[in-house]
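What follows draws every value from the coordinates through simple rules; no lab data is involved. Everything numeric in this text was worked out from a predicted model, so none of it was measured. Backbone-built Cβ (ideal geometry, glycine too); neighbour counts: all protein chains shown.
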Amino acid sequence: MCKKQKSIKSWNLKIAKPLYCFFLAIILLIIPLNAESLSGPEISFSSNEMDCGSLILVMIKNNGTEEPLVTWMKKKISLVYCQANDAWVGFIGADLNQKAGLYKVVIQLPGYSFEKSFCIRINDKDYGTRRLKLPRKKVELDADSVKRAKREAAVIRSIWSADNTLPKWDGAFLMPIDGDIVGTFGKRSIINNLRRAPHTGVDQAGNKGDPVRAINNGKVILIANHFFSGNSLYLDHGGGIISMYFHLDKILVDKEDDIKKGEVIGILGATGRVTAPHLHWGVRINGARINPLTLIELSNTL
């Protein structure tokens with residue numbers, strides 16, 4: 001009796017093992033169809049640290065068509081789908097005055113119950129200081145000019161606090177003109193022993209009449225003649241990225257115009273509080289003052 005039971009058990013094992021292998025093979029064939037949900041996305045950063053006034057590139061692959069949710073400095077970071085990389089890409093930046101330390105970026109995939117946090121280190125950076133002695137009349141403003149400058153500053157602040165629009169930018173950002181850099185980002189000035197605001201853009205040399213181009217697709221959100229910056233143009237590239245172009249001789253577009261990357265938007269000049277023709281231009285990302293050259297450099301890796 002015992003021998004008979006043993007032979008039946010042995011026979012069952014012979015049948016069960018092939019069946020187990022068969023069903024396992026079926027399962028393995030099915031799983032790859034939804035492998036994304038098991039393996040998670042491929043998340044990469046151009047670096048795990050940056051200087052204040054700089055940024056890093058975020059790239060998220062293997063997420064299908066749904067845009068990931070990226071949160072940085074308590075703000076939602078909009079991404080663009082880059083076909084060349086088959087990935088969602090975007091930028092996170094640190095303001096020029098951001099305190100050094102570790103900061104968290106959170107990435108979520110709504111359709112996959114996926115959430116992961118990463119630490120990014122922000123470092124202090126000394127962009128240099130220049131000390132000048134100038135006649136008082138060249139530095140101090142009269143009461144009317146002070147009032148005007150304050151009104152204009154309030155208008156500009158409203159731009160930084162506005163809600164982000166959908167991304168319009170596409171691929172690499174361009175230089176607006178071809179001139180040499182004659183004024184660097186972040187440099188601080190001490191004039192007549194008084195500390196002044198840092199330089200929040202870059203200055204490029206040029207001749208009056210040179211064409212100024214849009215650094216990427218965008219919409220014109222502000223055209224104005226301001227006390228310090230003269231004829232000024234602001235472009236919203238969507239996703240929290242705004243570029244600005246100062247001291248223009250002429251502006252060739254209108255507010256609310258949709259602009260294409262590389263389109264001529266103005267003519268270089270010397271309007272505002274300047275002494276010679278040049279282009280001052282800058283970038284803000286989610287309100288943070290960013291060295292625009294880092295945006296050019298990183299976007300050209302896409």
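Ordered by packing density, taken as the mean number of other Cβ atoms within 10 Å over each peptide's residues, highest first, how do 119-128, 245-254 rank? Mind dumping the intermediate values first?
Numbers: 119-128: 13.9, 245-254: 19.0.
Averaged packing, sorted descending, gives the order 245-254, 119-128.
From Cα coordinates alone, what are the radius of gyration and Dmax values for the chain in angstrom?
Both quantities, over Cα of the chain: 27.6, 116 Å.
Ranking F114, F91 by Cβ neighbours within 10 Å, fewest first, what do you get?
The fewest-first ordering by Cβ neighbours comes to F114, F91.
Starting from the Cα-Cα distance between K75 and V264, subtract it from 0.36 nm times their residue separation and give me the gain in nm to one decimal.
64.8 nm
Per 0.36 nm of contour for each residue apart, how much would the distance between R130 and N97 grow if the chain were fully extended, relative to their Cα-Cα spacing?
Values: separation 33, 0.36 × 33 = 11.88 nm, distance 1.77 nm.
Residue separation times 0.36 nm, minus the Cα-Cα distance, leaves 10.1 nm.
Size of the dipole of the chain about the Cα centre, Lys and Arg at +1 and Asp and Glu at -1 on the beta carbon, nothing else charged, in debye to 20?
Charge dipole, the chain, about its Cα centre: 1340 debye, nearest 20.
Going by average Cβ density within 10 Å per residue, which order do the peptides 191-199, 233-241, 102-110 take, highest to lowest?
Values: 191-199: 12.8, 233-241: 23.3, 102-110: 15.4.
In decreasing order of mean packing, 191-199, 233-241, 102-110 become 233-241, 102-110, 191-199.
Work out from phi, with θ = phi - 60° and the Karplus expression 6.51 cos²θ - 1.76 cosθ + 1.60, the ³J(HN,Hα) of each residue of region 161-166, listed in order in whole Hz, and give x for Gly and Pro.
Once rounded to whole Hz, the list reads 8, 5, 5, 5, 9, 5.
Calculated from DSSP H runs of 4 or more alone, at -39500 (n - 2.57) each and per residue, what is the 222 nm mean residue ellipticity of the chain, nearest 500?
On the way: 5 runs with 64 residues, N = 302.
Result for the chain: -6500 deg cm²/dmol, rounded to the nearest 500.
Assuming 0.36 nm per residue, please report the length gained on full extension of the stretch T301 to E140 beyond their Cα-Cα distance.
Values: separation 161, 0.36 × 161 = 57.96 nm, distance 4.44 nm.
The T301-E140 span can extend by a further 53.5 nm.
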